[in-house]
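Written below as C-alpha cells is the structure these notes are about.
The values are calculated or read from the model by the stated rules, or taken from the named source; none is laboratory data. None of these values were measured; they are calculated from a predicted model. To get the accessible areas, we keep the full protein, side chains included, count just its heavy atoms, and leave off ligands, DNA and RNA. Shrake-Rupley method; radii C 1.70, N 1.55, O 1.52, S 1.80 Å.
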Amino acid sequence: MLIHRGGNSMLAVNLFKLRFPGFPLPLLTSLKVSPAYSQTLAIRCLSASYIAPNSFQRHPSPPPPPPTHGPRPSGPYSYPQDHRNPNQWPPQNQHHQRPPPPFDSHPTVGGRYPTFAGRPPVDAGRPPVADDPPPLLAAPPPGPVDLVALAQQGKLKEAVDLLNQGVRPDSPTFFDLIAFCSDSKHLDELKKIYEFFFRSPFRADLQINNKLLEMFSKCGSVIDARRVFDRMPDRTMDSWHLMIDGYAVNNLGDDGLQMFEEMRKVGVRPTGSTFLSVLAACASAETVEEGFIHFDAMHKEHGIPPQVEHYIGLIEVLGKSGHLNEAMEFIEKLPFEPPVAVWEAMMNLARSQGDVDLEDRAVELMTFLDPSKILLSKIPTPTAKRRSGLNMLDGRNKLGEYRLPPKIETKVVKEQVYVPDTRYVLHDIDQEAKEQALLYHSERLAIAYGLISTPARTPLRIIKNLRICGDCHNAIKIMSRIVGRELIVRDNKRFHHFKDGKCSCGDYW
C-alpha cells in the first residue's frame, strides 16, 4: 500500500527503512523498482489522487493532522498528503523536471499536455525552456486567390479540382476563370466551371453570363452557349449580339439570322452593332439577297445611317459568296472615297478565293493610301523551310499531336465512294504517290484516332494549324455521314461543323 500510494521507488525504500528497521542493510539496498514501473506507479498515484477517491478504504478517514517536524508518529493515519521528509529527500529537479503526463494523453505542440476538465495544465506557470520547439502554424485553406493564380498559369484542371474540394469563388473570380478558357482545349473545364457558377448565388450576373457566351462561342460549342443564353434570367443587347456573332463565327449563319428574328419578336430594338452581327451572319450563310434587305432596312425602317463598317460587312457578304466582281462594282459606287479598311477587306477576300490579280490590285491601292500597310509577303525574302502540319485532337481530356510522316510506304486500297483529288498535292510525284500522300494528312489521322478512342455519337473536335485542303474537306464530309457523328474542325481560317455529310461553311472557306 505504501508503494502504491507513494508512486516513487526511492520514497518506497525510505518508508520501508523507517517501518522495518530490523531488515538487514544489504537486503534493503538490493530492493529496487524499475523506472518504467516507477513511472507507472506515479501515473496511478496522480490518477488516484485527482480522479477517484481511495477504493481500498472501507470507512472515510478523518482529516489528516497538521504537519509536524518531530518524529513521525505511528498509527493507521500517520501519513498526511505531503509525506515527504524535507530533511532527507529534497525534490529532484524542482525547476526543470516536468510532471509525468496522464496515462491517456499525448504531448501536443510546444510540449503541453491535455488536462482533466476543471484543472489547470500540469505545467501551468512553467517558465519557457530554450529548447522548446516553436509552435507549428497551419497552412491557410485555399481560396479564390489560389484559383486565379492557377488559371493564370494555365492549370485550369487543378483549379477545377479545388472547386470540387469545396473552394467557393466570388463573382470576380468566376469572371477571371471563365476568361482564361478561351482556347477550345479548355472546353471541358469551362463546362465544369459553368456548372459551379450556375449553382452559385451569382448565376444572375449579366457580365459573367455574357462572358460565358463569348467563351463558349470561341471554343466552338454553340450548343452550350445557347443553353447559357436560355437560362439567363435577364438579357442585355450585348447578350443578343454575342449569340448572333457566335453563330456567325461557327459558320451557322442561318441560326444567327433566326436569333435576330427572335430578338425582334420580343421587342428589342436593334442598333448599329446589331446589324454588324446580322451582316456577318449573312456572310456566313451566303445569303446575298437577305444581306441587302437588312442593309436597306437599317436605314429605312430603323433610322440607323450606315457607317463604313456596315459597307465593309456588305462587301464581305458579296465576297464570301464568290461574287468578287460585284463587290468591286459596289466599292466603285460607294458614296465616299474607299478607305484603307475597304481595300484590306477586299484583299483578304480575293486571297481566299484565289484571285491573284484582284489581290495585287487591292494591295497596291491599300499601300498607296497607307504605306505602313505594305505586306511582308510581297517583299522578296529567302525561301522559308517547309512547316509540317500539326493537328490536335480533343477527346477524353487528352491532346494528341499528329505530324506528317517524312516517307510514305504503306499501300492503300482504293475506296469505292471516295475519289482522291490530286490537285491539292503540289509535289512533283506520280499519280499513285499523290493519292497515297492525301491519305496521310494530319486531320485524317486525328479523326481516325478519335473515332476509335472516344464514345460513339459524341462530337469530335479537331484543331489544325494549317488551312484544310479541299480533298480532306470532301473526305470528312463522307466520314461524318458514315459514322453519324458531328466532326468539328478548326483550321487557321474558320470553324467547320461536319454533320450528315454536310459542312457549315457550305464548301466555302
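Hydrodynamic analysis of the stretch 247-317 uses the Kirkwood radius over alpha carbon pairs. Inserted into Stokes-Einstein at 4 °C and 1.567 mPa s, it gives a translational diffusion coefficient of 109 µm²/s. Note: relative contact order over the stretch 430-509, using C-alpha pairs below 8 Å and six or more positions apart, is 25 percent.
When the listed pairs K211/K493; K211/K265; K155/K477; K265/K300 are checked against a 26 Å cut-off, the alpha-carbon distance exceeds it for K155/K477. Taking amide H atoms as placed 1.01 Å from N in the peptide plane, the amide H of I462 lies under 5 Å from those of I488, V489, R490, each 5 or more residues away in sequence or on another chain. Once backbone amide H atoms are built at 1.01 Å from N, R467 has N492 as its partners under 5 Å, excluding neighbours fewer than 5 places away on the same chain. Overall, the accessible surface of the stretch 189-338 at a probe of 1.4 angstrom is composed of carbon and sulfur to the extent of 49 percent. So what does the Cα-only Debye profile of the stretch 421-509 read at q = 0.12, 0.13, 0.20, 0.22 Å⁻¹, as log10 I(q)/I(0), no solvent term? Values returned for q = 0.12, 0.13, 0.20, 0.22 Å⁻¹ are -0.36, -0.42, -0.94, -1.09.
Sorted largest first, the spans of the alpha carbon positions of the stretch 429-475 along the three principal axes are 39, 20, 16 Å. Beyond 15 Å, the tail of the calculated P(r) for the stretch 216-270 holds 42 percent of the Cα pairs. Shape analysis of the stretch 177-271 yields a ratio of the Cα radius of gyration to the Kirkwood radius, Rg/Rh, of 0.96.
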